[in-house]
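Data block below; observations after.
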Amino acid sequence: MTELHPAPGDTLLLVNLGTPAAPTPEAIRTYLAEFLSDPRVVALPRWLWQPILRLAVLPRRSKAVAHKYEQVWMDGGSPLAVHTRRLAEAVQARMPGVRVVHAMRYGAPVLEAELVAARDRDGRVVVLPLYPQYSTTTTASVVDVVRRVMPAAQVRVVDEYSVDPGWVHAVAASIRAHWQANGRGELLLFSFHGIPQRLVDAGDPYERQCHAGAQAIVAALGLEDGEWQTAFQSRFGAGAWLKPATDATLRALAGAGTRRVDVVCPGFSADCLETLEEIAIQNAELFREHGGETLAYIPCLNDAPAHADAIAAIAMRELAAWR
C-alpha cells in the first residue's frame, strides 16, 4: 500500500448520493425536493420544472417511495446511510493520521457543512465521491459544491475509479464469494444506474466507464462471452435513456428460457433503494412473472474489508501525489 505521511488537518471526505431521514412521506418529500431541484439531475428551466415538481411529482411520488423505503429500512437508518457510515469508519481504521468523514450530496450529513469543517482545519482535503463511474449527474454535482466552498489549492476530487485494480478485485471477489455460498446462475447481469442518452451524446463518459468496469470485472472472473450482459436501470422521466434496460433484459432472458440469473450492481458503492427494492424485490418478481425461477441479487461492496482497502488505497495515492 502507498506510504502515507499525513499533515495535521488532512481530511478524506467520502460522498454518497443521499437518503431521506425516515421512511415517511414527509421525509421523502423533503429529500426528493432537494434531489430533484438539482439542475444536474433535472435540466429543465427552473420556472418550468419547479411548479411541476411541487404540485405534481412530489405529492404523487412521496407516499409511493415511502412504502418502498419501508421494505428495506434498517435499524440505524436507510441502507445507504448505514453502509456509507460503516465504510467511512472502516476506511478511517486504515488511514491513521487522516480525518475520514462522510457526507451526502442530498440530505445529511450535509456536504457543504462537512466541506466547511474540513476547510477550516487548514489541511489538505481529498473528496472522494463514492461513484466508481463519473457522470455529470453525480460526480459533477459534488464538484459544483466543492468549487463553491473550497479554495482550489486546498482540495482534490477523485473523479472516478471505474477500472481501479483494487476496486475491480473487490467486486470480483464478492461475486466469487456469492457463487461459492449460493451457487451460480446461468448468466451474470451487470445492472448500472441509467442516465439520459442525450448526456452521453453530449460527451458524458459514464456509459463508456460502466462498460470498461464490467469488462475488467469479467476479465478478473474469467468469464466467456455469453456468460454475462450489461444493462441500465432506474429510468426517470421522459426521453431516451441508456439501453438495454434492466427490466426489459430480464423479461427477455426469462422469455428465452433462462431460469436463474445473478445480478450485480457495481455502479453503487453501497446498497440502497435502487438495489434492494428495485432489483432484489421488484425486478426479481418481474423475472419470475415472465418465466424465470430465481433472480439472485449479489450485494454491493458496502463496508467489506476489500472495499475499505480499495477506497483507502485510492485516497492514499491521491495524498501521496500531492506536492
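Over segment 105-263, with every protein chain in place, what whole percent of the accessible area is carbon and sulfur at 1.4 Å, could you tell me? Provide the component values of the computation, followed by the final result.
On the way: 3450 of 6780 Å².
Using a 1.4 Å probe with all protein chains present, segment 105-263 comes out at 51 percent carbon and sulfur.
Provide the gained length on full extension for the span residue 238 to residue 43, in nm with one decimal, where the gain is 0.36 nm per separating residue minus the Cα-Cα distance. Present the calculation step by step, with values, prior to reporting the outcome.
Numbers: separation 195, 0.36 × 195 = 70.20 nm, distance 1.21 nm.
Going from the current span to full extension adds 69.0 nm.
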Inset, instruction - For segment 150-234, build the convex hull from the C-alpha positions and give me its volume per residue in Å³. - result: 149 Å³
Legend entry - Relative contact order for segment 211-287, counting Cα pairs under 8 Å that sit 6 or more residues apart, in percent: 27 percent
Inset, instruction - Taking every Cα atom in segment 1-71, find the radius of gyration and the maximum pairwise distance Dmax, and write them in Å. - result: 17.9, 54
Inset, instruction - Quick one: among 95, 104, 74, which has the greatest mean-square fluctuation in a GNM of the chain with alpha-carbon springs under 10 angstrom? - result: 74
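How long are the semi-axes of the ellipsoid equivalent to segment 102-163, from square roots of 5 times the Cα gyration tensor eigenvalues, in whole Å, largest first? Don't jump to the answer; show the numbers that get you there.
On the way: eigenvalues 70, 36, 20 Å².
Sorted largest first and rounded, they come to 19, 13, 10 Å.
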Inset, instruction - Just need the relative contact order of segment 1-149 here, percent rounded to a whole number, with Cα pairs under 8 Å and 6+ apart. - result: 43 percent
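Take the Cβ-Cβ distance between residue 288 and residue 33 as r, set R0 to 45 Å, and report the resulting FRET efficiency rounded to the nearest 0.05.
Working: r = 35 Å, r/R0 = 0.78.
Result of the calculation: an efficiency of 0.80.
What is the Cα radius of gyration of segment 230-317 over 2.2 N^0.38 Å, N being its residue count?
On the way: Rg = 15.2 Å, N = 88, 2.2 N^0.38 = 12.1 Å.
Cα Rg divided by the expected 2.2 N^0.38 Å: 1.26.
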Legend entry - Semi-axis lengths, Å, segment 281-323, gyration tensor of Cα atoms, sqrt of 5 times eigenvalues: 40, 10, 6
Legend entry - Alpha-carbon Rg/Rh ratio, for segment 38-88, with Rh computed the Kirkwood way: 1.14
Legend entry - Per-bin percent of Cα-Cα distances, the chain [10 Å]: 6, 25, 35, 25, 8, 1, 0
Legend entry - Average accessible surface area per residue within the chain, 1.4 Å rolling probe, Å²: 44 Å²
Inset, instruction - Decide, for segment 79-206, between rounded, prolate and oblate: order the square roots of the alpha carbon gyration tensor eigenvalues as a ≥ b ≥ c, take rounded if a/c falls under 1.5, and otherwise choose prolate if a/b is larger than b/c, else oblate. - result: oblate
Inset, instruction - Calculate what fraction, in whole %, of the accessible area of segment 20-65 sits on carbon and sulfur atoms when a 1.4 Å probe is rolled over the protein chains. - result: 66 percent
Inset, instruction - Grab the eigenvalues of the alpha-carbon gyration tensor for segment 27-120, scale each by 5, take roots, and send me the semi-axes largest first in whole angstrom. - result: 31, 19, 8
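The values are calculated or read from the model by the stated rules, or taken from the named source; none is laboratory data. What you see is a predicted model; the values in this text were computed from it and never measured. Here the Cβ is made from the backbone with ideal geometry for all residues, glycine too, and neighbour counts use every protein chain on show. For accessibility, only protein heavy atoms count, side chains too; no ligands or nucleic acids. Shrake-Rupley method; radii C 1.70, N 1.55, O 1.52, S 1.80 Å.
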